[in-house]
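Written out below as structure tokens is the structure these notes cover.
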Amino acid sequence: MKEFFLKSLSKSQNSSTKEVNAILKQKNKIIASDDIDFGQLWEWGDYGLKETSRVETNTKKVIQTELAKKRFLEAYYIEKAGMTFAAKMSLLSESIEEQKLFSHFAAEEAAHFSLIESLLTKVDKREGQDLFIKFLNEVIASGERRPLIFIIQVVLEGWGIDHYGIMERTCKEAEVKQHLKLILKDEASHHGSGVSLFKESDLSESELNYTMEMMGEFIKMARVGPVNLFETFKKHTKISASEFCEVSNAQQETQRKLNYLKNLMQKAGAKKMTQGLEPLFKPDLVI
Ligand SMILES: [Fe+2]
Ligand SMILES: [Fe+2]
């Protein structure tokens, strides 16, 4: 069964028949601006970066452009995975109400995907497949209903609200901002329904072990700090690791994210898991 879902998650895009394309166009909104200037969507400080004389103005613009593309590339793979997740959850639902819920979510993830995709028409999509996307796909393919409700809906969609929220609040382009707002509203209901469906005591021993293991992997990815961001800096500047940590506020920002993550788990009543994973909620920067 896992292979079946991995295959579903590895699909790439092909244009379909004229009729199918026309139906999709009717159902999904796209971002009309053909030539988005990625470098102007967010400013330097909107990425949590401090002003520094170590990076020239031109280079800053190059970095801003790359970071904006990276944000959308990651979102592209997240929303794509979201469609498979919602379809799987619809089939695993324990009631018709729950199935209706996940069927609606599947349509919403398709709408999010279309929006993001419309922004990236001329961008090479392969770069967005990082370790986190691999982890996300692995969980969606291998998880059972209850662990998936927790890992994907409670934690990752909750995490997405923080991420999309920062993007939305600081976005400098009105149309993109408006669409991010709509995505954010949907993600809040995906996360909220997950919190209400989840009860830690419902997990079997093997489900609890699986969920803890996957959460441990995810937290480890968060505690190493802004590694992807540093890659971009290394590509375009000669800044040292310690200067980068200072400019990006790496230690504090990583701790903020870990606290947010822990808070998401606590709010969902995942007492055992939060306690078991407690030592991991501290930054362990590898930059
Ligand atoms: Fe989504
Ligand atoms: Fe979602």
Query raised in the report: Most exposed first by the Cβ proxy, i.e. fewest other Cβ within 10 Å, how do Met212, Met1 rank?
Result: Met1, Met212
**Report entry** Contour excess over end-to-end distance, with Cα ends at Ser189 and Lys7 and 0.36 nm allotted per residue
**Finding:** 62.8 nm
Query raised in the report: Any idea what the relative contact order of the chain is, in percent, if you count C-alpha pairs under 8 Å spaced at least 6 apart?
Result: 21
Query raised in the report: Within the set Lys100/Lys177; Lys60/Lys80; Lys25/Lys185; Lys100/Lys185; Lys11/Lys122; Lys172/Lys220, which residue pairs have Cα atoms separated by over 24 Å?
Result: Lys100/Lys177; Lys60/Lys80; Lys172/Lys220
Report summary line: Ordered by fewest other Cβ atoms within 10 Å, a rough proxy for footprinting exposure, Met215, Met221 read Met221, Met215
Requested in this report: May I ask you to sort Asp284, Asp130 by Cβ crowding, counting other Cβ atoms within 10 Å and putting the fewest first?
Outcome: Asp284, Asp130
Query raised in the report: Looking at the chain, do any whole DSSP H helices span at least 15 angstrom along their long axis by alpha carbon and average 0.5 or above on Kyte-Doolittle, and which?
Result: 131-142
Query raised in the report: For region 53-280, what class follows from the C-alpha gyration tensor (a ≥ b ≥ c being the square roots of its eigenvalues): rounded when a/c is under 1.5, otherwise prolate if a/b is larger than b/c, else oblate?
Result: oblate
Query raised in the report: Dividing the Cα radius of gyration by the Kirkwood radius, what Rg/Rh value follows for region 171-287?
Result: 1.06
Report summary line: Taking r as the C-beta separation of Lys18 and Thr121 and R0 as 25 Å, the FRET efficiency to the nearest 0.05 is 0.85
Report summary line: Using alpha carbon centers only, region 5-31 is separated from region 156-216 by a whole-angstrom value of 24
Query raised in the report: Looking at the chain, which longest stretch skips every one of the GluC sites (Glu not before Pro) that is in a DSSP loop with at most 16 other Cβ atoms within 10 Å, leaving the sites themselves out?
Result: 145-287
Query raised in the report: R0 = 25 Å: FRET efficiency of Glu243 with Asp37, Cβ-based, nearest 0.05?
Result: 0.35
Report task. Give me the distance in nm between label points sitting 7 Å out from Cα along the Cα-to-Cβ direction at Asp284 and Gln266, one decimal. Result -> 2.1
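Throughout, read-outs are computed from the coordinates displayed, never taken from laboratory work. Since this is a predicted model, take the numbers as computed values, not measurements. Positions of Cβ are backbone-derived with ideal geometry, glycine not excepted, and every protein chain shown enters the neighbour counts.
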